[in-house]
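S.K.: Got a structure for you, questions after.
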Amino acid sequence: MAAPRVTVIGGGLAGLTAALRLAEKGCKVRVYESKGMLGGNLASQPLQAGGEIDVYPHMYQEWYANFWKLMDDIDVDREESFKPYDCVYQMRRRTETPRWSKLTRAYSARYVFQNMFSNVGPWPDMLVFGFACLDLLAERTMPTVRLDNLSLTGYLDSRPYMTKEAIAAFETFLTRIWALPAKLAAAKDCQTYLRYCLPVGESDQWLTRESAERTIIHPLARALERRGVELVMGTKLSQVEVVNGRVTSIGLQRTKLDPQRYEWIGTGRIRNEEVDQLLLAVPAEVLSHIVRDGEPGRRVVDFEESLHELVQLSAQRVPILHLHFKEQLSGIHWQPVGLYGSSLNLAFTDLSQSWEEFEGHTMLALSCSEPAGLFGANPREDGFLMMRQLADYLDYETGEQWGESEQIDWDRTRYHGNNDVRLSLNTVSAEHARPGHSPAKIRNLYLAGDFCHHHLGMTTMEAAVSSGIAAAARLAEDAGLEEIEALYPEVWPDAIYTTVRAGLGVAIAARVLSEGIPFPGRDSDPDADHESILSYLLTPGLPPRNRRRRE
């Protein structure tokens, strides 16, 4: 039997993973990527003065089983290429004390008391937060409410022990991870995330020691080329033609970079190419357009009507400012740092303490989780707004506009609005809109991406890899190839969480104590939206919304 010819559209982590696993089974694979570089949300971009920076700074969890297996398979040594850390920091403004607070191994039972009294938040509210996490997990076997289509806020509001500060902690935590407030986050997805985090609570999390391009994407591209995979960049998919329940051809168009919008746009004529097997690994928004484009009666949605619902899936941009100083600033921790009370919800990681190429000169990857607060007339004005707010926390001179400060190396400083690289969101009531990996009515079409249905239940880096594997596995099964294996994170028995639920009285007592514990910022501004370090465990920051405190 001849090896299947597979066309993969999308050179992000999901598409490249699928391509590698299929090539390992003997498929002839060609990958098309619309941009001039591979990686998607893991891509890196060059600086004018040399070096490169990541589109987004990422943190890598221990329970990312399929991701770490992928690294092993492409000969990336974890100890050499990644740097472990066990804590995240919260920083207050220069006029406030204490300036720093730290959360250590947030999912470890061994550090519960240390974290409760770490000045991250009032200790009774920290206790309520922790109990609520275990209580949510106990819902798996002892349900007290229906979690289907229930938001996290809806679940928290049903708890008799809940406090204002604990709800605020959950809200900021979720907006950092999934870019939406807790009132929109699916409670079941939060439950799944916690279920995977707790068993590895004693393990480190990881940062890369250099760019994602060098650490992950380049080794992955080399592994693909060794397997005979053809990588074609600067080419976008314009349409898909379906005849009699089978994709017969696709339209392809060359692209070029629009430097004003920093987006890759189609240029020149569209050429048609026949396909044998087609695997689409593109963002949900792009996929939503692809399935609708083309001649009526031959479009993907004409055969698979459920894909109309892709428009209900959301994505969010997170602007990043890479701020390069001429000297090394003192007193900055190398682990991820969240800025307490930042109206732009800023957070940063100091790359100069992890990446050799920036050693000796502080290089901050500063993320803005509230892009609606950037009201500049152009990208540089937005970047400068982020710089000005950062100066409330770090002692440095910004000048009056972009390019003035003598402390900053402007040739290596760069702002990116990330309009072209958005992060998928986990929203409540959108579960039905997530597509499967193989549309039932189109025989040779497969879908991959962290927004698809998969065993993880939420959109994460591991979900992108797992989704690529799942789509490849389905294609291999349909083609009669050897099975492609997926790994599943370790989980604890549900009985552990139902046993802990017996401590409900302790949580209620903590609520009573919470009302009488003074804490900086608790009563100073009743409308303030104070950030918690609890919100900064997975990513450098995703957008919260301004919220009035609950009365």
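Bear in mind that the values in this text are calculations on the coordinates, not laboratory data. Nothing here was measured: the structure is a model prediction, and the numbers come from that model. Cβ placement follows ideal geometry from the backbone for every residue including glycine, while neighbour counts extend to all protein chains displayed.
S.K.: Measure nothing fancy, just the Cα-based angle from helix 461-478's long axis to the longest principal axis of the chain, in degrees from 0 to 90, nearest 10.
M.R.: 30
S.K.: Hey, another quick one. Nearest 10 degrees, 0 to 90: what angle lies between the long axis of helix 123-138 and the longest principal axis of the chain (Cα atoms)?
M.R.: Its long axis makes an angle of about 40 degrees.
S.K.: Compare the Cα positions of Gly399, Thr413, Cys368 along the charge dipole of the range 320-416 (+1 at Cβ of Lys, Arg; -1 at Cβ of Asp, Glu; about the Cα centre) and return the one farthest towards the positive end.
M.R.: It is Cys368, whose Cα lies furthest towards the positive end.
S.K.: For Asp258 and Arg443, compute 0.36 nm times the residue count separating them, minus their Cα-Cα distance, and round to one decimal in nm.
M.R.: Details: separation 185, 0.36 × 185 = 66.60 nm, distance 3.65 nm.
Roughly 62.9 nm would be gained on extension.
S.K.: Which value, in debye to the nearest 20, gives the size of the charge dipole of the range 182-323 about its Cα centre, when Lys and Arg are +1 and Asp and Glu are -1 at the Cβ?
M.R.: Computed charge dipole of the range 182-323: roughly 340 debye.
S.K.: How large is the charge dipole for the range 320-416, taken about the Cα centre, if only the Cβ atoms of Lys, Arg (+1) and Asp, Glu (-1) carry charge, to the nearest 20 debye?
M.R.: Working: 5 positive and 16 negative charges, 59 e Å.
Value, rounded to 20: 280 debye.
S.K.: Now for a separate question. In debye to the nearest 20, how big a dipole does the chain give about its Cα centre with +1 on each Lys and Arg Cβ and -1 on each Asp and Glu Cβ? Display every interim value, and only then the final one.
M.R.: Working: 58 positive and 74 negative charges, 207 e Å.
The calculation lands at about 1000 debye.
S.K.: Let me ask something else about it. Which one of Met162, Phe348, Val76 has its Cα pushed farthest toward the positive end of the charge dipole of the chain, where Lys and Arg give +1 and Asp and Glu give -1 at the Cβ?
M.R.: So the residue furthest toward the plus end is Met162.
S.K.: Which of the listed residues, Val242, Tyr196, Leu42, is farthest toward the dipole's positive end in the chain, when Lys, Arg count +1 and Asp, Glu count -1 at the beta-carbon?
M.R.: About the Cα centre, the residue reaching furthest to the positive side is Val242.
S.K.: Now a separate question. Can you list the lysines whose alpha carbon sits under 25 Å from that of Lys35, skipping same-chain ones fewer than 8 residues off?
M.R.: Qualifying lysines at Cα under 25 Å: Lys236, Lys256.
S.K.: A further question follows. Roughly what angle does helix 504-514 make with the longest principal axis of the chain, taking Cα atoms, 0 to 90 degrees, to the nearest 10?
M.R.: Roughly 60 degrees between the two axes.
S.K.: Give the average over all directions of the projected area of the C-alpha convex hull of the chain, one decimal, in nm².
M.R.: Working: hull surface 100.9 nm².
In nm², the orientation-averaged hull projection of the chain is 25.2.
S.K.: Would you mind telling me the antiparallel percentage of the DSSP bridges in the chain, rounded to 5? Walk me through the numbers on the way to the answer.
M.R.: On the way: 49 of 69 bridges.
In the chain, approximately 70 percent of DSSP beta bridges are antiparallel ones.
S.K.: Here's a follow-up. Under 28 Å Cα-Cα from Lys164, which lysines qualify once same-chain neighbours fewer than 8 residues away are excluded?
M.R.: Lys102, Lys183, Lys188
S.K.: Ok, one more. Just to confirm a number: summing +1 for Lys and Arg and -1 for Asp and Glu over residues other than Gln401 whose beta-carbon lies under 14 angstrom from that of Gln401, what do you get? Write down the numbers at each step before the final one.
M.R.: Values: positive: Arg380, Arg388; negative: Glu381, Asp382, Glu397, Glu400, Glu404, Glu406.
Summing Lys/Arg as +1 and Asp/Glu as -1 gives -4.
S.K.: If you don't mind, there's one more thing I want to ask. Calculate I(q)/I(0) for the range 256-395 by the Debye formula, one identical point scatterer on each C-alpha and no solvent, and give its log10 at q = 0.12, 0.13, 0.14, 0.20 Å⁻¹ to two decimals.
M.R.: For the range 256-395, the Cα-only Debye profile gives -0.73, -0.80, -0.85, -1.20.
S.K.: Tabulate in residue order the Karplus-calculated ³J(HN,Hα) for the range 155-164, using 6.51 cos²θ - 1.76 cosθ + 1.60 with θ = phi - 60°, rounded to whole Hz; enter x for Gly and Pro.
M.R.: Ordered by residue, 3J(HN,Hα) equals 5, 4, 5, 7, 8, x, 9, 5, 10, 4 Hz.
S.K.: Using a simple spin-label model with points 7 Å from Cα along the Cα→Cβ vector, what separation in nm is obtained for Met233 and Leu504?
M.R.: For the pair Met233/Leu504, the computed spacing is 5.7 nm.
S.K.: Would you mind giving the three semi-axes, in whole Å and largest first, of the ellipsoid equivalent to the range 320-416 according to its Cα gyration tensor?
M.R.: Output for the range 320-416: semi-axes of 20, 16, 12 Å.
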